[in-house]
Structure formats: C-alpha cells, structure tokens
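Student: To start, I am sharing the structure in question, which I have written as structure tokens.
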Amino acid sequence: MASISDSETTNHGSIWDLDQNLDQPMDEEASRLKNMYTEKKFSSILLLRLAFQSLGVVFGDLGTSPLYVFYNIFPHGVDEDEDVIGALSLIIYTITLIPLMKYVFVVLRANDNGQGGTFALYSLLCRHAKVSTIPNQHKTDEELTTYSRQTYEENSLAAKVKRWLEGRPYKKNCLLILVLIGTCTAIGDGILTPAISVLSASGGIRVQNQKMSTDVVVVVAVIILIGLFSMQHYGTDKVGWLFAPIVLLWFILIGTIGALNIHKYNNSVLKAYNPVYIYRYFRRGKSESWTSLGGIMLSITGTEALYADLCHFPVFAIQIAFTLVVFPCLLLAYTGQAAYIISNKDHVVDAFYRSIPDTIYWPVFIIATLAAIVASQATISATYSIIKQALALGCFPRVSVVHTSKKFLGQIYIPDINWVLMILCIAVTAGFKNQSQIGNAYGTAVVIVMLVTTFLMVPIMLLVWKSHWILVVIFIVLSLMVELPYFTACINKVDQGGWVPLVVAIAFFIIMYVWHFCTVKRYEFEMHSKVSMAWILGLGPSLGLVRVPGIGFVYTELASGVPHIFSHFITNLPAIHSVVVFVCVKYLPVYTVPVEERFIVKRIGPKNFHMFRCVARYGYKDIHKRDDDFEKMLLDRLLLFVRLESMMDDYSDSEDFTMMEEKTQGSSNALLLTGKAGSNTMCSTGDLSYSSQDSIVPAKSPLRGNSLTRYSNQTFGDELEFLNRCKDAGVVHILGNTIVHARPDSGIIKKVAVNYVFAFLRKICRENSVIFNVPHESLLNVGQIYYI
C-alpha cells in the first residue's frame, strides 16, 4: 500500500495518529484466500477417506457399464474367439487412454475451484479472456477471493490467443455455441443414464426365469425410475453416506467375479492386453468391427460425469480411487466376462448375470440394482448442476432451484427439470425396451460431450495453464485419434436409436440459445438507452416530482448508469420515493461469491438526491435460499454504507464514494470508499487507511466493541436518521417488465424465435420477484416494449 506524506497525514485528521499497524497490507492474505483450493494440504488418512467417498459420487456411472457393454458390441451374437479378444483389447486400451490418461490425469486439473464440467471450463475462459457475450463485469469483480486469473507477457503465445479470441464477436458466439452443444448433450446423459442403467440391472430378474416377458422387466425398471425421480426433492443428504459403501462393494464384486471367471473359463483372454489384437480385430471384419465401436464406447460412459461431478473432491483423491479401485476392477470385470463369453457364445445377451456364481446371484443382483440407482442419482444431480450454471450465465430460463442440504452447497433440486427428465427417461425406457437402441443413443451423447471437452481444453491449456504448444498438439491429436473413430461409429447408428440424444440436445439448444440471444439484446438495449447523469442532475433533488416517504428499490441489469426504465417511471407517475436505490443482480464467472463480498454500494449524484446503487454479485453455484431476506440484506448494506460515509465526512475531500464489504479478521466488516482524486479510501469498522492504487485492498481491523460504537455515534449524520424514517415508512420494489418483440421487417425464423419461443419461455419462467422473495404487496411492475 502506498505511503502517505506527513503533511497529507496531518491534513486528514487525528485518526491518522492511530497505530500504523492498522494500515498493514492484506496482499498475502488475499493471495492465500484466492488460492485456498489449490493450496489445501490433506493428510494421507484424509485423502484415503475422500477417495472412498468419491466412489459413491463420481464413479457410479462408469462402474455400471459392465452390465450392458458386451451385448451392445455383439447384439447378434459371437462367431469367433478372436472377435471377443479383439473387442476386449479395444475396451482395455480405451479405458486406459480416455478415462485414465485424458480425464483423471489431465482434464481433472482444469477445474474451477473444485467445480468441473463444460460450464466450469467456460467460466475459466471468461475470467482469462473477454469472451463473455454479456459484458457486465467490472474491475472490482476481479478483486474477489474466488476470482483467480493469469497474466501474460505481451508477445507470449497465451497473449496472442487471448487477443485472437477477443478480436471478433463471432468468435465469442462460436465458443458459446460449442459450450451449449456440450451442455445440451450432457443433459441428454441425464436422461439416458438412468434408462440404460436401471433397465440393465432390472434384466437380472429374467435370467433366472427365461419364460418371463420382457415387458415385466420394463415395468420393474419404470417403477424404479418413478421412485427415483419422486424422491429427488428430499435430496441425498440423509442417504448419501450409503453411496460410497454400495459402489465400493459393487467394484469388489465385479472384480472378484471377473477374476474367478478368468480362472474358471479361459485364461487365454489375457492376451487381449497385447494391442496387436486390436489390429487383427479390424482386419478380420472391417465393417462389423467399425460398427461395434459404438458398443465399445459404452465402456467409458460416465467418464464425462466423472469430471462434471468433481464436487470439491481433491483431484489427487479421485486419482487414488480410480487407479487403485476403479481401473483394476473394471479391467478384471471385462476380462472375466470375455472369458465367459468365449466358453458360452450364446449367452452374450446376459453375459454379466450369467457369469455370476449361483450361490451369490441374488445378493449381486440387489447390489447391481442399488449401484444403478446410485449411478443414476449422480447423473441426475450433475444435470441439476448444469442447468443451474446455465441459468446463472444467462443461458436458461429462470426456474425454481431448491437447496436440499444445509451442509453442502452443491446439493440442489430443480422440480421442473426433474419431471421433464422423468417423463423423457420413462419414454426412452418403455419406447425402446432393449439395451441395444438405448446404448446407441447413449454412446452418441457421450462421444459428443467428450469432443466438446477436447476442443475447450485447447484454450484452457494455452491461457490458463500456459502450456507449450507442442503439448497442446500432442493432447488434441491423441484425444481425437481415439474419439473421432467412435464419433463416426456412433453417428452411423443414428437411425438405430442414436437420434434420441440429438433430438434432446437440439430442443435444449434452441431453448438456451434463444433465451441467451434475447437476454443479450435486452442488456444491449438497457446499455444504449440508459439515462445521462446530466439529465438527472437537471431535474434537481426532487427529480421533478413529489418525493414521498419510503425507499424504492429499482431493479436493473445495469451495473453502472441510470436505466431507461427509471425515466419511463418518473415521466408517467407524479411521485417518487424519498430514497431511490438501483439494484443490479449479476452473476460472475466464478463458482461462488463469499457472502461478505457480495454487495457493492455506491452513491449516485449529490447527497440531497438520496440516490444509491447496489450491485449484488453471485457465482454460478450460489443459490437464493427461501429463508434469505434479500430486502433486509439490501437495507443493511445501505445503512452501513451511509454510516461509514458519515464517518469519513470530516476528513475526506471526496464527494463520490463506493463501498464494498470485505471480510476481515475477528468477523469485522471492511468497506472500501473510493474518491474522485484517484486514491482509494479504505474504511473498516474501526480503522482507516489510504492507497494510491485503483483497486480494492482489504484492511485489517483490530478495533472492537465500544471504541467503534463511540466513534460511530459521534459521526452519525442526519441522513442516517432520514433513511431509518424512510425505511419505517415502507419499501417498494420496482421491477422492469421489458417485453421483447422482433421488428416487423425481421425474418420468419427470428420472429418465431423471439415472438413465440422466447415469449413462451418468459411466460412460464419464474419472476425475479419470486426468486428474491419480494412481497407481492410491495411490488410494482413497470412495462416497456423493445423491438430487436
């Protein structure tokens, strides 16, 4: 923090006689907070415990793949032993290259403070380059403890890539489209994973009774699915502790059964670990072998969910769980099934259940069903998380998000999405009735998400990791060498069920892109039509109206400037409240904004205008809880700002102040007051410091209790009493109801998208008043129409 001369110190009053320890810089502390996720150290015992817990959250989907893989590879039966060995060799090296090498040891490192998935990658890119299509960020946002970013040398490759991405708007749109494609396809996984996992597990009841109809299996699967989706609103907080033991027991069982089958039936399958059998497999039957890649692809389903469900587990804990438990057990399971199939070629349809020893058949069936439910639950939860992230970044209509746990931030439930997923999942299960067509659909969805992740990793490696371009080329070449063949094989099965995820993805893509397009256009309208301060000042303190007692919260999407809706309001009504606060709620490309750093308050115009701005900042994982009193939080921050501003009046030569609440030691609140002169005034509850830097600098405050109260009481002004009287008079929330229409000369596609699709989505989505728990009797809507 810059030093102040003696003369300057004397001019600013006796408060500068306080001990110089009150003015210590917080750079080291801020740096520690910003990197608290990456710097966490875990003991060996804690790491093993977290690795155990990650089994139930991260690996359920990947672990249930042995239930249906070989049937989808050979839906018409097996002719030669070499075919089984070749397919097994492909499975072994696919699992090794994609889940193990690519995801566990590379992609998992690209997490956003413990958050994974497509939108987490996008948020990382938005922080390191100006690629967000809604430019509502401010330099103060970069001072958040959760807002980490890299700096680049002028002529470095990362700087060139950054400038290239920021160069043209179409590049930002292409990046957004790529992210939406991956997101929408991942939502398709939330439909297909429960369908194929539960249906495959339920098929075990038919193995012991071959006369049983397939319809009975389908009915059992549908009943399980209905129960699973119906229980979502309770959350997994109370039963989540069971997930890890179930999945661990499942892996131990499939690994043990696989080892027994290798010993019992045919240990010659071990030669599949020689990759030369992959070449022989394709040489023997070119077209059939290529088509079977769609089935082999199912052996790595759940890999993308592994990344999306990272859920704050340390990367090292997931690496331990995968390398010590998941990877060897999966290899044993597939190798054992291959050994059984070679000896029983007519049992390929139910190879997993038929290879189970009779003495433990029903216990394994129960564990398999429970493991399928756990896998489905993990995918459903990941889908909720994806929708929440899309909603926060302006890419999805406002839907109800319910927080189901008081302990864990990420456990949420979205009722509307839950019932849509249930209906689609039941439709897929009852419509196809067999694993083969569902497997074709599943493989298509998985490979598209993997390709999107591969492409997004390129700018991540260049901008965030600052990797050498040769390493980036090696990564993308090796990834595409494996994924592109699988992609072509899955696309060839579009007519055999592969169309399902494409239709689902297209439907969600239309919803998300149209909503985002209209949201951006509405924000641009607000920006271009905002009212100049000269016009506001020309109206005088009364704003040309009668100022009635009370506080009016005017909600706007602008983080700076006076919104057009305010001029629309005061030109159509004869009165305005004595205190006007412009409230902007915006989401930042960070996973969370600490509560103590959430609000920024600023005065607009002279004091006698009684106008303020409050910006409430949220991350894409933050949730507006029902028990949060948003109105009370706004009033508390406003009163706190005025209190500290009154404390500054005696020694500050500045007339324009901003305030940001910071968390300091001892649960005291620090507030930043920024003056016109270019120097920052930091005032915490009890100390004062100056900085010549144009940034937010936290300050420590050792003052406590009575000393703070005495000082504050001496500096309370009339405005604080005035605000309290206005607060008692009543609070009104003024919300803009901007209706967007396409211009009459627009094309038919634009008219349909804006006038019908967006209008319908806006009609069925939740209002901001509901999200922020605004009382209906305190609500005032001001409408306006905007043509795009």
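Student: Assuming a ≥ b ≥ c are the square roots of the Cα gyration tensor eigenvalues, decide whether segment 527-640 counts as rounded (a/c under 1.5), prolate (otherwise, with a/b larger than b/c) or oblate.
Tutor: Cα axes put segment 527-640 in the prolate bin.
Student: Counting pairs of alpha carbon atoms under 8 Å apart in space and at least six apart in sequence, what relative contact order in percent does segment 68-518 give?
Tutor: This gives 33 percent for segment 68-518.
Student: Can you compute the charge dipole magnitude of segment 68-518 about its Cα centre, using +1 on each Lys and Arg Cβ and -1 on each Asp and Glu Cβ, nothing else charged? Give it in debye, rounded to the nearest 20.
Tutor: Once rounded to the nearest 20, the dipole reads 720 debye.
Student: Oh, and also: From the Cα gyration tensor of segment 419-488, with a ≥ b ≥ c the square roots of its eigenvalues, which class applies: rounded if a/c is under 1.5, or else prolate if a/b is larger than b/c, or else oblate?
Tutor: Note, shape of segment 419-488 comes out oblate.
Student: Which ³J(HN,Hα) values, rounded to whole Hz and listed in residue order, are derived for segment 49-65 from phi using the Karplus coefficients 6.51, -1.76 and 1.60 in 6.51 cos²θ - 1.76 cosθ + 1.60 with θ = phi - 60°, glycine and proline given as x?
Tutor: Karplus values, whole Hz, x for Gly and Pro: 5, 5, 4, 5, 5, 5, 4, x, 9, 9, 10, x, 5, 5, x, 8, 4.
Student: With a cut-off of at most 14 other beta carbons within 10 Å, and DSSP calling the residue loop, which chymotrypsin sites (Phe, Trp or Tyr not before Pro) in segment 102-178 qualify? Please list them.
Tutor: F105
Student: Check which residues have an amide H placed less than 5 Å from G730's amide H, if you skip close sequence neighbours.
Tutor: Result for G730 returns I551.
Student: Keeping all protein chains in place and using 1.4 angstrom, which order do S376, S44 fall into by accessible surface area, from largest down?
Tutor: So, going from the largest accessible area down, we get S44, S376.
Student: Another question, if that's okay. Among N113, A305, L451, whose Cα sits farthest toward the positive end of the charge dipole of segment 68-518 (+1 at Cβ of Lys/Arg, -1 at Cβ of Asp/Glu, about the Cα centre)?
Tutor: N113
Student: Taking the dipole about the Cα centre of segment 68-518, with the C-beta of Lys and Arg at +1 and of Asp and Glu at -1, give me whichever of G204, G294, Q337 is farthest to the positive side.
Tutor: G294
Student: So how do C174, C184 rank on accessible area, 1.4 Å probe, biggest first, that is with the largest at the start?
Tutor: The ordering from most to least exposed comes out as C174, C184.
Student: With every protein chain left in place and a probe of 1.4 Å, what is the accessible surface of S400, to the nearest 10 Å²?
Tutor: 20 Å²
Student: Something else now. Please find the FRET efficiency linking K271 to N781, where r is the Cβ-Cβ separation and R0 is fixed at 60 Å, and quote it to the nearest 0.05.
Tutor: Computed FRET efficiency for K271 and N781: 0.25.
Student: Which value, in Å² and to the nearest 10, is the accessible area of K345 when all protein chains are kept and the probe is 1.4 Å?
Tutor: 60 Å²
Student: Compare the peptides 316-327, 132-143 by average per-residue count of other Cβ atoms within 10 angstrom and give them in order, highest first.
Tutor: 316-327, 132-143
Student: Using modelled backbone amide H atoms (1.01 Å from N, in-plane), which distant-in-sequence or interchain residues come within less than 5 Å of I604's amide H?
Tutor: Here M611, F612, R613 satisfy the definition.
Student: A follow-up question, please. Which values of log₁₀ I(q)/I(0), to two decimal places, follow from the Debye formula for segment 68-518 at q = 0.12 Å⁻¹ with a uniform point scatterer at every Cα?
Tutor: Reported log10 I(q)/I(0), two decimals: -1.04.
Student: Further question: Roughly speaking, what is the centre-to-centre gap between segment 116-191 and segment 352-373 when only Cα atoms are used, to the nearest Å?
Tutor: That distance is 45 Å.
Student: Please list I223, I511, I191, I45 from largest to smallest accessible area, probe radius 1.4 Å, with all protein chains kept in place.
Tutor: I45, I223, I511, I191
Student: Here's a follow-up. So for segment 68-518, taking the charge dipole from beta-carbon charges (+1 Lys/Arg, -1 Asp/Glu), which of M231, Y277, S467 sits furthest toward the positive end?
Tutor: Checked the options; the winner is S467.
Student: Quick check: pseudo-label points 7 Å beyond the Cα along Cα→Cβ at H138 and R284, how many nm apart are they?
Tutor: According to this spin-label approximation, the distance is 6.8 nm.
The values are calculated or read from the model by the stated rules, or taken from the named source; none is laboratory data. Since the structure is predicted, the reported quantities are computational estimates derived from the model, not experimental observations. Ideal geometry is used to build each Cβ from the backbone, glycine not excepted, and the neighbour counts take in all protein chains shown. Each accessible area value is taken on the protein alone, full model and side chains, heavy atoms only, with ligands, DNA and RNA left out. Shrake-Rupley method; radii C 1.70, N 1.55, O 1.52, S 1.80 Å.
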